[in-house]
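Report on the following structure.
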Amino acid sequence: MRDELWWNAHHWFQDKRGAISTKLDRELVDQLTGELTSIRYGFRGSKIKVESKDELKKRGLPSPNLGDALCLTFAKVPLELKSSSGRRVVEATDYTW
């Protein structure tokens, strides 16, 4: 899931021209930018693989907590509904921009 969320954030910045507000605290923006740009990507077969926190640690980099928080905004949240027959149905609701 982490790989997918980071990849979705990457595409949001690259393809949809997403941006970080300059109205935020400059230190916070610098930290977030550093975290987002320090992650390395690769492929395992046909799947994208995002560098793990352990791999970052081995390179002497801190855990990307702000980056993870931003990437979580790209998650799909399960929404429980009931069908007309009364059966429980779970759908994914996309809250991405």
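Bear in mind these aren't lab numbers, they're just calculated from the coordinates by the rules spelled out. All values reported here derive from a predicted model rather than from experimental measurement. A quick note on method: Cβ atoms are made from the backbone with ideal geometry, for glycine too, and the neighbour counts reach across all protein chains shown.
Here the label points at Phe13 and Leu72, each 7 Å from Cα along the C-beta direction, are separated by 1.9 nm in the simple model. Counted by neighbouring Cβ atoms within 10 Å, the residues Thr73, Thr22 run from fewest to most as Thr22, Thr73. Here r is the Cβ-Cβ distance between Glu27 and Leu61 and R0 is 22 Å; the resulting FRET efficiency, rounded to 0.05, is 0.80. Amide H to amide H, with H built 1.01 Å from N, Gly18 comes under 5 Å of Phe13, counting only residues 5 or more places away or on other chains. Placing a label point 7 Å from the Cα of Lys53 along the Cα-to-Cβ direction, the residues of segment 2-19 whose backbone N falls under 15 Å of that point are 2-3, 6.
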